[in-house]
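Worksheet for the structure shown next.
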Amino acid sequence: MSLLKQLRRGHASDTIFALVALIFGLSILVIIVGIVLQLWIESSQARLEFGWDFLWSTTYSPATGEYGALVFIYGTLVTALVAILLAAPVGVGIAAYLVEIAPARVHRIVGFIVELLAAIPSIVYGLWGFFALAPFLREYVVPPLQAALGWLPLFSGTFFGPTVFTASIVLSIMILPTVAAVSRDVIRAVPRDQREGMLALGATRWETFRYAVLPYAGSGVLGAIILGLGRAAGETMAVTFIIGNSPQLFSSLFDQGATLASIIAGQFPEAGGLLLSVLIELGMILFVITILINISARLVVALVARRPKGGVRA
């Protein structure tokens, strides 16, 4: 009705702009609904064959026609979690250095390098991880790590190269630009008065960052971390190269495993019939996981933002 009133008053350009913007906004919903609907239709054979047991089954054998998704859900969540645990402190540290400490020239150079990491294709990360990172880890990182923490199941067993550990490290490097860039923008948006007030009270740089900057930027930084987690969960080609694609519930990071994205990429070219339907259902599960991660990010950021923020205290 408001659009018709604008049109009658001669605001034709505003009406056209509003209609075009509305179409663009609704297109996102149409695309998402279309993706979900197509995945639901194409996975009908697998859903009718296995039902809800598909989510909880750990068996995945194309030779016997037995399929389950739990091992891939487990591998996806573990690799993404380890990656974000490695990338989050480094990414936030880079953002803090660029905003709070680095001179303008260093800020430009380091910021460009960090953003350049995001432009490297996923397949290049996979090749680098397979031919460079895995041998380096086997020779220089895994032996001292096992010597110190080998008594833990998480770091036990033989390191083969393409493992969950290698995949998690590559993922952490891939999501580092996302965490660092978003955190940098959030930290930079904190009012300068907050910093100057703390410094005027005799606070150190660390105290200023901890008490005046982080409380105001906390929700945005947390959102950046969860955004990186979502990207790590959906990464495909790099993980396919270096995780081993072994469908098992691993207990050690030095074992081989598989994720939802890696098994789809590895088996889709030769899939057909029931296997194709199974892979499409795995894709639908991955889509749901990423949606849930993003919804969780929204809720967590909203909860953190509602907390009273610490300010300058005398």
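The values are calculated or read from the model by the stated rules, or taken from the named source; none is laboratory data. In this text the structure is predicted, and so the values were computed from the model without any measurement. When we count neighbours, we look across all protein chains shown, and the Cβ atoms used for this are built from the backbone with ideal geometry, even at glycine.
List the pairs whose first member sits in the range 111-132 and is in contact (Cβ under 8 Å) with a residue 12 or more places away in the chain, whose second member is assigned to a helix (DSSP H, G or I) and polar (S, T, N, Q), and whose Cβ atoms are under 6 Å apart, counting only residues at least 6 apart or on separate chains?
Final answer for the pair search is G129/T166.
Of everything in the range 255-304 that's of a type outside the set (A, V, I, L, M) and more than 27 Å from A63 (Cβ to Cβ), which residue is surrounded by the most Cβ atoms within 10 Å (Cβ to Cβ)?
Applying the filter and picking the extreme gives T290.
Could you please find all residues in the range 179-197 being assigned to a helix (DSSP H, G or I), under 25 Å from the mean Cα position of the chain (by Cα) and small (G, A, S)?
The answer is A180, A181, S183.
For the range 25-42, enumerate the residues that are within 25 Å of the chain's Cα centre (by Cα) and surrounded by 12 or more Cβ atoms within 10 Å (Cβ to Cβ).
I32, I35, V36, Q38, L39, W40, listed by residue number.
If you check L77 against the conditions, is it surrounded by 18 or more Cβ atoms within 10 Å (Cβ to Cβ), of a type outside the set (F, W, Y), out of contact with any strand residue (DSSP E or B) (no Cβ under 7 Å at 6 or more places or on another chain) and modelled with pLDDT of 90 or more?
no
Quick one: A147 ticks every box in (1) within 19 Å of V82 (Cα to Cα); (2) assigned to a helix (DSSP H, G or I) bar one, so which box is it?
(1)
Conditions tested, residue by residue: (1) touching a residue at least 24 places away in the same chain (Cβ under 8 Å); (2) touching a Pro at 6+ places or on another chain (Cβ under 9 Å); (3) surrounded by 22 or more Cβ atoms within 10 Å (Cβ to Cβ); (4) not polar (S, T, N, Q).
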| site | (1), (2), (3), (4) |
| --- | --- |
| G150 | no, no, no, yes |
| G157 | yes, no, no, yes |
| A167 | yes, no, yes, yes |
| M174 | yes, no, yes, yes |
| S183 | yes, no, yes, no |
| R192 | no, no, no, yes |
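Of the conditions (1) touching a Lys or Arg at 6+ places or on another chain (Cβ under 7 Å); (2) exposed (fewer than 15 other Cβ atoms within 10 Å of the Cβ), R105 satisfies every one except a single condition; which number is it?
Here R105 meets the rest and fails (1).
Scan (1) on the phi > 0 side of the Ramachandran plot; (2) of a type outside the set (K, R); (3) in contact (Cβ under 8 Å) with a residue 60 or more places away in the chain for the single condition L229 breaks and write down its number.
All conditions are met except number (1).
Listed residues E100, E115, E139; which is within 19 Å of the chain's Cα centre (by Cα), surrounded by fewer than 17 Cβ atoms within 10 Å (Cβ to Cβ) and assigned to a helix (DSSP H, G or I)?
E115
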